[in-house]
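Worksheet: one structure, shown below.
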Amino acid sequence: MKDTLILGIETSCDETSASVVINGRKVLSNVIASQIDLHAQYGGVVPEIASRKHVELILPIIDKALEEAKIGLDQVDGIAVTYGPGLVGALLVGVSAAKSIAFALNKPLIKVNHIEGHIAANYITHEQLEPPYICLVASGGHSHIIHVTGYSDFEILGKTRDDAAGEAFDKISRVLGLGYPGGPAIDRMARQGDPQAFRFPRVRFDEDSRYDFSFSGLKTAVINTVHQLEQKGEPIPVADICASFQQAVVDVLTDYTVSAAKSRKMKTICIAGGVAANSLLRSTMQESAGKTGIEVLYPSLILCTDNAAMIASAGYYALMAGKRADWRLNATPSLRIGQDG
């Protein structure tokens, strides 16, 4: 059977990325140009700056991905692109590039939901992985517990009511003066602190919404604690606050995900998204799930952040299912998982 090569393009936020992947699993190239240093001075991503940088980088990044894969553009079998959710201006850069290439080469254009891309990152790291399983997607913009019933079939069991987990990490990092992005900074600082130093809230909902998240109250509690210490003229125990905050987030993410896996009688849990790189989340999830014989899988660190390899992988499975986008494809910044917008 002939191999299928997918060119993936990802520009949903502040990474410009292109990748070539064979059969959804084997990565030939995965070029990522990060804008972290560009946005760090502002404490977060500035959409207009991100969009302009994508315009500058998109074609050189695609060229480099093809060069590293040692193939010509005419050898790809389809072009997969993130069309949402994300920043509208940033998304439009990738969508426009993908449509142009697909039209010029008369190749299939494949639209990919960014969240579904994060899930597919696990297929690259774990070649034996097949649905069904439970997946926790946790990043700067998303927190979902998803029952993955097929490569392109998803049931949302829980989602955030307000802030995503990664968003909370970024906000607390700014308050504590640790900079952007907040996840890695808090993870490092928390290793020096006491996770029991502060008892921050863990929000839980009723039975009908038992897998939904809310991190706004936790974020507010941490900020209030910092302000109260400042008003008293007391030193801020940054490491202890980081450790206690991180423990609260991890406790909720782990408890809900393992509970969902048990309720659906799943033997595998996958973690995806930027927060999947958090060392405490990985170890806590493995320990909790392992007590009931549930396997925990997560992507390699480079595939936890935004990248085009995961988009190419998800695009491959969409193409195998006969899904192709037409030339009316547009950016959909508020796209939801499972939505064919």
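Give me a count of the residues in the range 39-96 that are closer than 14 Å to residue 5 by Cβ and among the acidic types (Asp, Glu).
3
Inspect all residues belonging to the range 224-238 and state whether any of them is under 15 Å from residue 168 (Cβ atoms), of a type outside the set (A, V, I, L, M) and in the same structural domain as residue 280 (by TED's automatic domain parsing). Spell out how you get there, then give the answer.
To start, the set of residues in the range 224-238 that are under 15 Å from residue 168 (Cβ atoms) comprises 224-226.
Subset that is of a type outside the set (A, V, I, L, M): 224-225.
From the residues that got through so far, the ones that are in the same structural domain as residue 280 (by TED's automatic domain parsing) too are 224-225.
Within the range 224-238 (the criterion being under 15 Å from residue 168 (Cβ atoms), of a type outside the set (A, V, I, L, M) and in the same structural domain as residue 280 (by TED's automatic domain parsing)), the answer is yes, since at least one residue qualifies.
Starting from the range 194-207, take each residue that is farther than 28 Å from residue 236 by Cα and list its partners that are modelled with pLDDT of 85 or more and surrounded by 14 or more Cβ atoms within 10 Å (Cβ to Cβ), counting only C-beta distances under 7 angstrom and pairs at least six apart or across chains.
Going by the 7 Å Cβ cut-off, the qualifying pairs are 205/212.
Is it true that residue 160 is exposed (fewer than 15 other Cβ atoms within 10 Å of the Cβ) and among the polar types (S, T, N, Q)? Reasoning before the result, please.
Working: exposed (fewer than 15 other Cβ atoms within 10 Å of the Cβ): no; among the polar types (S, T, N, Q): yes.
The answer is no for residue 160.
Being more than 23 Å from residue 170 (Cβ to Cβ) and either part of a helix (DSSP H, G or I) or not assigned by TED's automatic domain parsing to the domain that holds residue 157 (or both) narrows it down to one of 254, 332, 284, so name that one. Quick ask: steps written out before the conclusion?
Numbers: 254 fails: more than 23 Å from residue 170 (Cβ to Cβ); 284 fails: more than 23 Å from residue 170 (Cβ to Cβ).
Answer to the check: 332.
Of all residues in the range 230-287, count the ones that are over 23 Å from the mean Cα position of the chain (by Cα) and closer than 17 Å to residue 190 by Cβ.
Adding up the residues that qualify gives 7.
Tell me, yes or no, whether the range 271-284 has at least one residue that is within 21 Å of residue 26 (Cβ to Cβ) and modelled with pLDDT of 95 or more.
yes
Quick one: what pairs do we get from the range 71-94, first residue free of Cβ contacts under 8 Å to residues at least 40 places away in the same chain, second among the aliphatic types (A, V, I, L, M), C-beta under 9 Å, 6+ apart or different chains?
Pairs that qualify, where the first residue is free of Cβ contacts under 8 Å to residues at least 40 places away in the same chain and the partner is among the aliphatic types (A, V, I, L, M), are 72/66; 74/105.
The values are calculated or read from the model by the stated rules, or taken from the named source; none is laboratory data. Bear in mind that the values here come from a model prediction, so they are computed numbers and not experimental data. A quick note on method: Cβ atoms are made from the backbone with ideal geometry, for glycine too, and the neighbour counts reach across all protein chains shown.
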